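The values are calculated or read from the model by the stated rules, or taken from the named source; none is laboratory data. Keep in mind the model is a prediction, meaning the values are calculated, not measured. No Cβ is skipped: glycine too gets one built from the backbone with ideal geometry, and neighbour counts run over all protein chains shown. Heads up: the accessible areas ignore ligands, DNA and RNA and are worked out on the full protein's heavy atoms, side chains in. Shrake-Rupley method; radii C 1.70, N 1.55, O 1.52, S 1.80 Å.
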Amino acid sequence: MAGAAHCSLQTKRLLLDPKFEGYKLSLEPLACYQLGLDAAVAEVKLRDDQYTLDHMRAFGMYNYLHLDSWYQDNVYYVDQFGRVMNLSVTLDTALQKPREVFRLPTDLTSYDNRLCASIHFSSSTWVTLSDGTGRLFLIKSGKRGNGASEKWEIVFNEELGSPFIIAHSVSFVKSDVHSVSVLLLRVEKDELDAKGSGFHITLEWVTIAEISKEGDHRYEIFKRRILQGKSVPHYAAIEPSGNGLMIVSYKPFKFIQDEDNKLEENDDAKETNEKKDPLYYWHQTDDDVTITVHIPEDITKDDIKVRFSPDNICVTLKDQPPLMEGKLYSSVDHESCTWIIRENKSLEISLIKKNEGPQWPELIIGDTRGEFIMDSSQCSEITESLMHLTSEVMNPNPEKENPPCNAQELEECDAFLEDSASLCRFDGDTLKVTHVINLGSNQYLFSVVVDPKEMPCFCLRHDVDALLWQPHSDQPENMWEHIATFNALGYVQASKQDKKFMACAPDYSYAALCECLRRVFIYRQPTPLSTVLYNRKEGRQVGQVAKQLVATLEAHDPILGFQATSERLFVLTTKTLFLIKVSSGN
């Protein structure tokens, strides 16, 4: 990731509510409808050799219910006979039975090591489908939903190796050629991994393009690229243009290339790993900053140019490109700054701080070629200032002014694994990371399609809230936009130990989560009150309230699928499909 731009997520303060008071439990009844399925869902349970956490995340927690974001309130699932079943809802009180739209040509029962069948809707007329045996289907579906009866036509059907599930797919036209890019997820045995789980994760990025030969139009594989990592990605999506992809994962992914490229890659790695001496050294006091730069023997005073400005510095030698150039961490009194050449052929630059006192964490913003030298008195000061944070005894004197951090004050729901996940954007041509964000403690929660023409959004925990982010691959200056906030949802979801799936409405009107069995929790956005309500403790009027609703399903089978639309929640169990009406009215 040497050449990658290190970015950060910029929250919109207007979308945050620091005065949010919590959710009020509402006892209003939720309209819940249920449909018995003709045949059970084609659930594939984990085998004995699929014992790792990655297997559980990728396949054990798989969402068997697929939402078609191109058509409102359309869901799909695959049943045990290999039939792709569709439920299209227009009126809750007049529900039709799920209908068959496609049947897999494979006899799934004859395969012992298969995975669950997976579907992804690449566009309003194209579908990618896997039967779980390692075979990929590209299907021209025509218009779907609302009783559309166009026949699903297979235009590509090929065995692509070991079994996989489809993580994402997009349909696009480039240079007048129609292509579909698909991301295939596998958990594979890793013989070289003796210390870890013994498995690695591969994401295969397959591009299928329309080929015209002598008037014959057919679809063939145009390109195959493989990324490898050591943890199942939380989020993996191809850009709408097919030019790149974004991955949120705990452990990094990298492209596996052919032998020639591998040799080049190793040479690059050796070069970057070779220890380089710092370009300059610098130290500071409360009043000034001193920089020392080693210069070649043949350089004279006349060859050196040092330009000072209130916020910038530029150092050049002879007619070469600037040796040091950039914005300083803080302002300086540029008219009082000086430089001299020492006897040991080093250039010494003195900068006078405009604001005395504060220590600079870096000299030139973003420049890592220098080394900060700290004197012993500064080390002692820092050690002394941190002394109150360390102790042999847990919280020895909680009454004193600066008590040490007490781990007992942390609640269980504030702790979670994988506190160092990262978001990476890979370029499809160079196969290198172009942008990276260290998510730190921003725990990944779920993804949702708000606009099917854009990439899926992802939801992250920020402190107690849950923030929804929309990737814009075509906007380098605004690549990840904060589009919605679910107040306190980060904290609330952490307390639900049995949660299985999370989702939200595409219009952000509510968020929801379900447990492994029966219970569904719905969290509506704050809405204005029709009646006057007072907060007695603070003696003020409450203008709006956020409601929590709970639905308990009449089912004893585990929940296998969970999807949200602006008006409804769809919940799938082995033999039943439930619809919960979640209107945004008060």
message = Could you check segment 435-466 and list, in sequence order, the residues that are in a loop (DSSP other than H, G, I, E, B) and open to solvent by 10 Å² or more (accessible area, probe 1.4 Å)?
response = S441, N442, Q443, V449, V450, D451, P452, K453, E454, P456, D463, V464
Conditions (1) of a type in the set (G, A, S); (2) touching a residue at least 40 places away in the same chain (Cβ under 8 Å); (3) farther than 18 Å from L569 by Cα; number of the one not met by S88 = (3)
Number of positions in segment 198-227 that are modelled with pLDDT of 95 or more and closer than 15 Å to D54 by Cα = 3
query = Condition test on W360, is it in a loop (DSSP other than H, G, I, E, B) and of a type in the set (F, W, Y)?
reply = yes
query = Are any residues in segment 55-74 open to solvent by less than 20 Å² (accessible area, probe 1.4 Å) and not in a strand (DSSP E or B), and if so, which ones?
reply = H55, A58, F59, Y64, L65, D68, D73
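Before we move on, is T128 of a type in the set (V, I, T), closer than 21 Å to V44 by Cβ and touching a Lys or Arg at 6+ places or on another chain (Cβ under 9 Å)?
no
Within segment 327-344, how many residues are assigned to a loop (DSSP other than H, G, I, E, B) and either surrounded by 12 or more Cβ atoms within 10 Å (Cβ to Cβ) or in contact with a Lys or Arg (Cβ under 6 Å, 6 or more places away or on another chain) (or both)?
Looking only at that region, the number is 5.
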inquiry  = Quick check on segment 467-489. Is at least one of its residues assigned to a helix (DSSP H, G or I), modelled with pLDDT of 95 or more and touching a Phe, Trp or Tyr at 6+ places or on another chain (Cβ under 8 Å)?
reply    = yes
query = Within the bounds of segment 28-49, is there any residue that is without any contact (Cβ under 8 Å) to a residue 40 or more places away in the chain, more than 28 Å from N63 (Cα to Cα) and either open to solvent by less than 80 Å² (accessible area, probe 1.4 Å) or assigned by the TED database to the domain that holds E481 (or both)?
reply = no
task = Only residues in segment 299-327 that are farther than 21 Å from K345 by Cα count as the first member; pair them with residues that are of a type in the set (S, T, Y), Cβ under 8 angstrom, at least 6 apart or cross-chain, and list the lot.
result = P310/S331; D311/S331
request  = Scan segment 1-54 for residues that are acidic (D, E) and assigned to a loop (DSSP other than H, G, I, E, B) and jot them down.
outcome  = D17, E21, E28, D38, E43, D48, D49
ask   = Do the conditions hold for R518, that is, is it among the charged types (D, E, K, R) and open to solvent by 40 Å² or more (accessible area, probe 1.4 Å)?
value = yes
request  = Would you kindly identify the strands (runs of 3 or more DSSP E) lying entirely within segment 532-586 that contain at least 1 residues that are of a type in the set (D, E, K, R), on the phi < 0 side of the Ramachandran plot and modelled with pLDDT of 80 or more?
outcome  = 540-552, 568-573, 576-581
